[in-house]
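Please see the structure below; I have some questions.
The values are calculated or read from the model by the stated rules, or taken from the named source; none is laboratory data. Since the structure is predicted, the reported quantities are computational estimates derived from the model, not experimental observations. No Cβ is skipped: glycine too gets one built from the backbone with ideal geometry, and neighbour counts run over all protein chains shown.
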Amino acid sequence: MGLKITTNFRTGVSSSKMDAILNKSKYKSVIEQYLLDTKQITETVTEVGRQKMEMGKVMEPIIKDLVEKSFNVKLTVDKNRYQHDVHEAFTIEFDALDWENKIVYEFKNTEKDENSILETYYAQVQFAMFMIGWKEARICYLRNGWELGYIVVKRDQNFIDNMEIVGNYYAKCLKDREQPDPDYINSIVANINFYTSKDRGLKGVGQTLDLTAEEITDLYAWNDLKKQIAALELQEQTFKAKFSEKYGKYSDGVVTFTNTETLREGGINISELLKDNPQIDIRKYTKEPTKFSRQLLRVKQSKEDVNPGKFTEDLV
């Protein structure tokens with residue numbers, strides 16, 4: 001299988017830090033990973049983070065048992081560290097292996113949704129499949145303490161080919177004690193379809209609309225409506241200002257007006273929090289990105305000044 005058991009562990013390229021080596025981790029950059037690996041900095045872990053890691057270790061055998069019983073498979077856990085027979089700096093310790101069906105298993109105790117789980121651990125399981133030479137992996141998760149599930153991940157040769165290049169480059173950087181160049185790594189990672197397809201999957205990005213003359217006319221009508229709304233909002237602000245200092249409630253049975261002060265709980269001052277606690281890595285607490293649509297309409301000239309048949313829209 002191209003692997004051999006190693007007891008002479010040395011810092012190199014492993015599955016758990018593959019996304020950081022690719023400069024795609026939300027927790028640390030490739031430079032931070034290099035500085036950690038060369039012991040120029042030490043990793044700071046919050047108490048919550050430490051507890052999560054400890055609980056993850058405790059839950060691994062439990063998840064394994066649940067997976068075997070629920071999916072009727074027999075998994076092997078040997079806790080050996082394996083070294084690649086060609087790339088000696090590449091090592092791995094598998095969570096579990098299904099030797100009968102040749103499937104790599106990765107166990108996660110998590111609160112993430114499936115899309116986030118896949119994005120977070122995709123590099124890790126691709127590295128595992130590369131190391132052992134198999135074509136399928138399963139990320140098995142126990143979410144929120146009770147929901148058991150798994151994600152099937154197929155071998156992604158495009159990912160693996162580029163990952164191998166970056167992994168060898170990073171290993172050389174460690175050997176030569178030369179800080180890796182993120183721009184070079186990014187140029188290689190730009191060839192990985194798994195990452196680039198996420199941007200291409202956003203509707204409307206880089207696309208030009210072909211609108212009919214009727215649709216272009218509607219855009220002008222929409223713009224006229226926006227102007228009317230803006231004028232009405234300005235009038236409303238005038239009325240609001242007139243009654244802004246009249247506090248209390250008025251009602252004559254038809255119209256009711258109230259104006260009272262309320263207290264709103266203050267938010268957390270993130271800047272001051274980070275000044276007092278510089279060890280906190282705020283990136284660990286960022287929410288997963290969400291898709292949303294953004295429409296923009298801007299008209300520089302009046303409708304009469306433009307031939308709708310030759311109009312080039314500015315709509316995103």
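Criterion first (surrounded by 13 or more Cβ atoms within 10 Å (Cβ to Cβ) and of a type outside the set (G, A, S)) does E215 satisfy it?
yes
Looking only at the range 271-281, count how many residues are touching a residue at least 12 places away in the same chain (Cβ under 8 Å) and either loosely packed, with under 10 Cβ neighbours inside 10 Å or closer than 30 Å to F243 by Cβ (or both).
Total satisfying the criteria: 1.
Every residue, every condition in (1) assigned to a helix (DSSP H, G or I); (2) in contact with an Asp or Glu (Cβ under 6 Å, 6 or more places away or on another chain); (3) modelled with pLDDT of 75 or more; (4) not assigned by TED's automatic domain parsing to the domain that holds N115, yes or no:
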| position | (1), (2), (3), (4) |
| --- | --- |
| Y195 | yes, no, yes, no |
| Y220 | yes, no, yes, yes |
| L225 | yes, no, yes, yes |
| Q228 | yes, no, yes, yes |
| Q237 | yes, no, yes, yes |
| K284 | yes, no, no, yes |
| T290 | no, no, no, yes |
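Let's see how each residue does on (1) within 21 Å of G12 (Cα to Cα); (2) assigned to a strand (DSSP E or B); (3) not assigned by TED's automatic domain parsing to the domain that holds K52:
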site	(1), (2), (3)
K74	no, no, no
Q83	yes, yes, no
H87	yes, no, no
T91	yes, yes, no
F94	yes, no, no
K108	no, yes, no
N115	no, no, no
Y121	yes, no, no
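Quick check on the range 165-174: of everything there that is buried (at least 16 other Cβ atoms within 10 Å of the Cβ) and either of a type outside the set (F, W, Y) or in contact with a Gly (Cβ under 9 Å, 6 or more places away or on another chain) (or both), which residue is nearest to C140 (Cα to Cα)?
Result: G167.
Do we find a residue being farther than 26 Å from V30 by Cα, in a strand (DSSP E or B), of a type outside the set (G, A, S) and modelled with pLDDT of 95 or more anywhere in the range 154-170?
Within the range 154-170, not a single residue is farther than 26 Å from V30 by Cα, in a strand (DSSP E or B), of a type outside the set (G, A, S) and modelled with pLDDT of 95 or more.
Among the residues of the range 123-137, how many are in a strand (DSSP E or B) and buried (at least 24 other Cβ atoms within 10 Å of the Cβ)?
Narrowing the range 123-137 to residues in a strand (DSSP E or B): 136-137.
Pick out the ones that are also buried (at least 24 other Cβ atoms within 10 Å of the Cβ) and you get 137.
Within the range 123-137, residues that are in a strand (DSSP E or B) and buried (at least 24 other Cβ atoms within 10 Å of the Cβ) number 1.
In the range 2-34, which residues are within 15 Å of the chain's Cα centre (by Cα) and at pLDDT below 90?
K26, Y27
For the range 9-49: of the residues being surrounded by 14 or more Cβ atoms within 10 Å (Cβ to Cβ) and either small (G, A, S) or not assigned by TED's automatic domain parsing to the domain that holds V166 (or both), which is nearest to A171 (Cα to Cα)?
That would be G12.
Being surrounded by 10 or more Cβ atoms within 10 Å (Cβ to Cβ), touching a residue at least 24 places away in the same chain (Cβ under 8 Å) and more than 30 Å from K17 (Cα to Cα), is that true of even one residue in the range 184-207?
Yes, there is a match, as at least one residue in the range 184-207 is surrounded by 10 or more Cβ atoms within 10 Å (Cβ to Cβ), touching a residue at least 24 places away in the same chain (Cβ under 8 Å) and more than 30 Å from K17 (Cα to Cα).
Quick one: how many residues across the range 1-56 are touching a strand residue (DSSP E or B) at 6+ places or on another chain (Cβ under 7 Å), over 22 Å from I117 (Cα atoms) and assigned to a helix (DSSP H, G or I)?
Residues meeting the conditions: 0.
Counting only residues that are hydroxyl-bearing (S, T, Y) and not in a helix (DSSP H, G or I), which one in the range 201-218 is modelled with the lowest pLDDT?
T208
Considering only residues of the range 52-97 that are closer than 17 Å to V153 by Cα and in contact (Cβ under 8 Å) with a residue 40 or more places away in the chain, which is farthest from the chain's Cα centre (by Cα)?
The extreme case among them is F71.
Are any residues in the range 295-304 outside any strand (DSSP E or B) and modelled with pLDDT of 70 or more, and if so, which ones?
Selection gives Q295, L296, R298, V299, K300.
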